Amino acid sequence: MARRKGRDISGWIILDKPAGPTSTGCVNKLRWAFEAKKAGHSGTLDPAATGLLAIAFGEATKCVPYVMDADKCYSFTVQLGAATNTDDAEGEVIATSEARPSDDEIRAALAGFTGEIMQVPPKYSAVKIDGERAYALARDGEDFEVAARPLWVESLELVARPDPDTAELRMVCGKGGYVRSIARDLGEALGCLGHVLGLRREWSGPFDLQGAVTLEQVEALARTPDVDGLLLPLEAGLGDLARVTVNEAAATRIAHGNPAPVVATDAEFGEECWAAHKGQAIALGRFMGGEFHPARVLNR
């Protein structure tokens with residue numbers, strides 16, 4: 001088997017993704033720029049969307065699930081009066097309406113989209129239908145239904161109403177939320193139809209856009225020693241997890257996948273956490289019975 005060439009670097013880049021490229025395309029561009037052996041991202045943004053895309057290198061990719069499972073914040077604009085086949089401005093208009101709700105009507109309708117809701121993902125999405133991506137089936141003109149799935153919406157508020165045809169919203173939600181579905185379903189609930197006109201991710205788990213870098217900044221330093229100055233440490237992705245501290249002997253046990261006693265911790269019994277030795281993360285796991293039980297060892 002051929003080994004992937006590249007540098008064994010670990011850490012995060014918080015990218016302020018522009019509209020246009022895919023999330024995977026951004027990862028590939030940054031992997032090239034850093035000459036990294038391994039890279040991945042912690043949650044897809046549609047090509048037309050902008051904002052926070054957390055990209056992990058090396059051992060930081062083992063932390064990606066924790067960032068993906070965390071809450072996220074989106075600001076977005078809904079175009080009222082028209083539905084599209086993709087639920088965003090990239091698609092074809094399939095229905096229109098002359099109705100326009102008031103601000104109070106919008107606020108009242110938003111209450112039905114908070115808490116634990118059931119959401120049907122867009123047909124043009126990456127969810128799988130009998131092993132096939134929904135967007136592939138939609139492009140082929142197949143007739144199919146997408147099953148509803150639960151979504152936790154912490155908050156959904158009307159931020160501004162620039163004109164009768166548009167509404168600016170902000171949403172904080174859990175894993176797996178589709179802003180396009182919110183726009184579609186809100187438009188239907190209001191009787192005016194709707195789709196997403198613009199979308200920006202403001203934060204995701206422990207990361208926000210403060211200190212984010214652009215593709216232009218990365219490209220300017222690509223494949224030079226200075227590019228590593230843009231990298232955040234692996235530990236930056238663990239800000240939402242409790243931490244346990246271990247000594248040298250325990251660190252050796254943990255490195256071999258064995259549980260070990262902790263010196264100090266702010267973790268509760270059974271809580272997911274990360275183990276640190278000399279300030280460096282060495283493993284992800286759980287705290288139980290005064291010991292850290294590793295689930296994923298970080299090869300630092």
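Is it the case that segment 67-76 has a residue that's surrounded by fewer than 22 Cβ atoms within 10 Å (Cβ to Cβ) and more than 25 Å from GLY115 (Cβ to Cβ)?
So far as segment 67-76 goes, no, none of its residues is surrounded by fewer than 22 Cβ atoms within 10 Å (Cβ to Cβ) and more than 25 Å from GLY115 (Cβ to Cβ).
Any residue in segment 109-131 that is within 20 Å of LEU151 (Cβ to Cβ), free of Cβ contacts under 8 Å to residues at least 12 places away in the same chain, surrounded by fewer than 18 Cβ atoms within 10 Å (Cβ to Cβ) and within 22 Å of the chain's Cα centre (by Cα)?
yes
Filter segment 216-240 down to residues that are part of a loop (DSSP other than H, G, I, E, B), within 25 Å of LYS72 (Cβ to Cβ) and either at pLDDT 95 or above or touching a His at 6+ places or on another chain (Cβ under 7 Å) (or both), then give me how many there are.
So the count comes out to 2.
Which condition from (1) touching a residue at least 12 places away in the same chain (Cβ under 8 Å); (2) surrounded by 15 or more Cβ atoms within 10 Å (Cβ to Cβ); (3) out of contact with any helix residue (DSSP H, G or I) (no Cβ under 9 Å at 6 or more places or on another chain) is the one that GLY257 breaks?
All conditions pass for GLY257, except number (2).
Of all the residues that make up segment 266-300, how many are at pLDDT 95 or above and either under 22 Å from PHE57 (Cβ atoms) or not in a loop (DSSP other than H, G, I, E, B) (or both)?
Number of matching residues: 24.
Per-residue answers, yes or no, for (1) over 30 Å from PRO233 (Cβ atoms); (2) among the polar types (S, T, N, Q); (3) not in a strand (DSSP E or B):
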position	(1), (2), (3)
ASP104	yes, no, yes
TYR124	yes, no, yes
GLU145	yes, no, yes
VAL153	yes, no, no
GLU157	yes, no, no
GLU168	yes, no, no
MET171	no, no, no
ALA189	yes, no, yes
LEU199	no, no, no
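May I ask you to list the residues in segment 11-52 that are among the small types (Gly, Ala, Ser), in a loop (DSSP other than H, G, I, E, B) and buried (at least 22 other Cβ atoms within 10 Å of the Cβ)?
Passing the criteria: SER42, ALA49.
I'm trying to understand the selection: among the residues of segment 264-293, which are at positive phi and among the charged types (D, E, K, R)?
LYS278, the sole residue that qualifies.
Is segment 182-196 home to any residue that is in contact with an Asp or Glu (Cβ under 6 Å, 6 or more places away or on another chain), over 26 Å from TYR66 (Cα atoms), open to solvent by 60 Å² or more (accessible area, probe 1.4 Å) and touching a residue at least 12 places away in the same chain (Cβ under 8 Å)?
There is no residue in segment 182-196 that is in contact with an Asp or Glu (Cβ under 6 Å, 6 or more places away or on another chain), over 26 Å from TYR66 (Cα atoms), open to solvent by 60 Å² or more (accessible area, probe 1.4 Å) and touching a residue at least 12 places away in the same chain (Cβ under 8 Å).
Just give me the residues in segment 80-94 being aliphatic (A, V, I, L, M) and open to solvent by 40 Å² or more (accessible area, probe 1.4 Å), in sequence order.
Just the residues of segment 80-94 that are aliphatic (A, V, I, L, M), to begin with: 80, 82-83, 89, 93-94.
The answer is ALA89, VAL93, ILE94.
Give me a count of the residues in segment 242-254 that are open to solvent by less than 20 Å² (accessible area, probe 1.4 Å), among the small types (Gly, Ala, Ser) and part of a helix (DSSP H, G or I).
Total satisfying the criteria: 2.
The values are calculated or read from the model by the stated rules, or taken from the named source; none is laboratory data. Predicted, not measured: the structure shown is a model, and the values here were computed from it. Every residue, glycine among them, receives a Cβ derived from its backbone with ideal geometry; neighbour counts consider all protein chains shown. These accessible areas exclude ligands, DNA and RNA; they are computed on the full protein's heavy atoms, side chains included. Shrake-Rupley method; radii C 1.70, N 1.55, O 1.52, S 1.80 Å.
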